[in-house]
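For reference, the structure is listed below as C-alpha cells.
The values are calculated or read from the model by the stated rules, or taken from the named source; none is laboratory data. Because the structure is a prediction, the values reported are computed rather than measured. Cβ placement follows ideal geometry from the backbone for every residue including glycine, while neighbour counts extend to all protein chains displayed.
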Amino acid sequence: MVDIGQNGPMPLHPQIEAITASMPIHSFKELDVDDARQAHAAGAAGRPKGPDMADVSEFVIGGCEVTRLRPKNADGSAVVFFHGGGWVLGSRATHDGPCRHLAARSAATVFNVEYRLAPEHPFPAAHDDAVEVTRALLSGADESIDGSRVAVAGDSAGGNLAVAAALALSDEPASLAALLLIYPALDATMSTASYLEFADGPFLTASDMAWFYDTYARGTDPRDQRLSPAWAAKLDGLPPTLVITASHDVLRDEGEEFARAMAAAGCDASASRHVGATHGFFGWSHAAAPSRTAMTLAAGWLSETLS
C-alpha cells in the first residue's frame, strides 16, 4: 500500500517552513567538503539529545565504529541504522537523537553506524561497509540481540545503503526481518518527476543531489544496483518494508515507486507520504508535528514488525 496523502499543490507545514527558513546554508555544493561537513554538523548540534538509554556502548563491527543504543525497554530486537548526508556528510553524532527516539519508542537496540565517507573513500566503500556491518550483526556479532529480529534502516543516503545491504544479503541464510527507509536516495539517474517539481528545493535541491552522486560515485554506471537499488533486477528476497517520504522532496517519487515495485514483486511493502514536509524532516521531532508523526509511525511499525 502506498499512502500518498493529498494530491496537487500543497503548502509547507508552518513548523517545517520555519525550520528550513532558519537554516543559513541551503546548498552544500557551494562549500568545500570540510566546510559542508561542519555546516551539516552544526545544524544537528543544536537539537535536543533525545531519550536516555539503559546503555550506550561503542564497538567496531564489520570494520566500522558503531554506537549501540540499548533502550530501557529493550526487547531483544535490533535496528542497524545508516545516517544520511549524501555519502559525504553526517556521522553517528548528527543522527544520535533520531536513533535514540527510535530505540526508546520501538524497544529495539539501535546500532548507529559510522561508515566511510566520500571523497576520501569513494563508491563502493560505504556500500561495502553497510553490507559487512549488517552481515556481522545477523551472524551473531552481538549476543545481546536476537539475530532473527534485526531490521536495517536509514535516511536519505543511509536509506540507499540500507536497501543495498538488504539486496546484497537477500540470498544468505541469515535474513533481515524488516527494512525502514526514510526518504531514501534510490536512483542515480535522477529522472523522476519530483526532481523537476522540487529542483530548487526546499532544503535539498537537484543540483545538491548531483553533487553528492558525483562526489561519491563519479564514473559509476547510474544503474548499478549497488548505487541505484531502484534498478535492481530482483526484489522478491527483501523483507517487510516501510518507506517514509516527504511531499516537498526531490527524492519523493523514487521512494514511493520503489515501494510499488516491491509490492508488485510480492513483497510486503508500504509507503507513507508526509504532507507539508521536506527532506530532512525526520530529525526535527523536537520542533515539528509532521516529524513527530513520522517518528511515531516508524517506531510503531518497527515494534510490530520485529515482535
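Could you list all residues from the stretch 190-240 that are among the polar types (S, T, N, Q), touching a residue at least 60 places away in the same chain (Cβ under 8 Å) and closer than 16 Å to ALA168 by Cα?
The one that is among the polar types (S, T, N, Q), touching a residue at least 60 places away in the same chain (Cβ under 8 Å) and closer than 16 Å to ALA168 by Cα: GLN225.
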The helices (runs of 4 or more DSSP H) lying wholly within the stretch 113-212 that contain at least 1 residues that are within 28 Å of GLY300 (Cα to Cα), in contact with a Pro (Cβ under 7 Å, 6 or more places away or on another chain) and at pLDDT 95 or above are 157-168
Picking from ALA165, ALA141, the residue that is touching a helix residue (DSSP H, G or I) at 6+ places or on another chain (Cβ under 9 Å) and buried (at least 24 other Cβ atoms within 10 Å of the Cβ) would be ALA165
Taking the stretch 148-175 and the residues there that are in contact with a Phe, Trp or Tyr (Cβ under 8 Å, 6 or more places away or on another chain) and of a type in the set (Val, Ile, Thr), the one that is nearest to SER228 (Cα to Cα) would be VAL163
The number of residues in the stretch 213-245 that are under 13 Å from ASN160 (Cβ atoms) and outside any loop (DSSP other than H, G, I, E, B) is 7
Picking from ASP253, ASP249, the residue that is acidic (Asp, Glu) and more than 15 Å from the chain's Cα centre (by Cα) would be ASP253
If we keep only residues of the stretch 68-100 that are assigned to a strand (DSSP E or B) and within 13 Å of the chain's Cα centre (by Cα), then the residue surrounded by the fewest Cβ atoms within 10 Å (Cβ to Cβ) is VAL80
All conditions in (1) at pLDDT 90 or above; (2) farther than 26 Å from LEU176 by Cα are true of ALA45 except (1)
Of the residues in the stretch 101-126, those that are out of contact with any Asp or Glu (no Cβ under 6 Å at 6 or more places or on another chain), surrounded by fewer than 22 Cβ atoms within 10 Å (Cβ to Cβ) and not acidic (Asp, Glu) come to ALA104, ARG105, PRO119, HIS121, PRO122, PHE123, PRO124, ALA125
The residue from ASP249, ASP224, ASP253, ASP208 that alone is out of contact with any helix residue (DSSP H, G or I) (no Cβ under 7 Å at 6 or more places or on another chain) and of a type outside the set (A, V, I, L, M, F, W, C) is ASP224
Those residues of the stretch 99-132 which are of a type in the set (Gly, Ala, Ser) and within 28 Å of SER285 (Cα to Cα) amount to ALA103, ALA104, SER106, ALA107, ALA108, ALA126, ALA130
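Just to be sure before I move on: is GLU65 outside any strand (DSSP E or B), surrounded by 14 or more Cβ atoms within 10 Å (Cβ to Cβ), modelled with pLDDT of 95 or more and not hydroxyl-bearing (Ser, Thr, Tyr) in the structure I sent?
Taking the combined requirement at face value, the residue does not satisfy it.
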Picked from the stretch 50-62 (must be under 21 Å from the mean Cα position of the chain (by Cα) and assigned to a loop (DSSP other than H, G, I, E, B)), the residue surrounded by the fewest Cβ atoms within 10 Å (Cβ to Cβ) is PRO51
Picked from the stretch 249-307 (must be without any contact (Cβ under 8 Å) to a residue 40 or more places away in the chain and over 25 Å from ASP187 (Cβ atoms)), the residue surrounded by the most Cβ atoms within 10 Å (Cβ to Cβ) is THR293
Checked the stretch 279-295 for anything within 17 Å of the chain's Cα centre (by Cα), within 13 Å of PRO98 (Cα to Cα) and not in a helix (DSSP H, G or I); matches are GLY280, TRP284, SER285
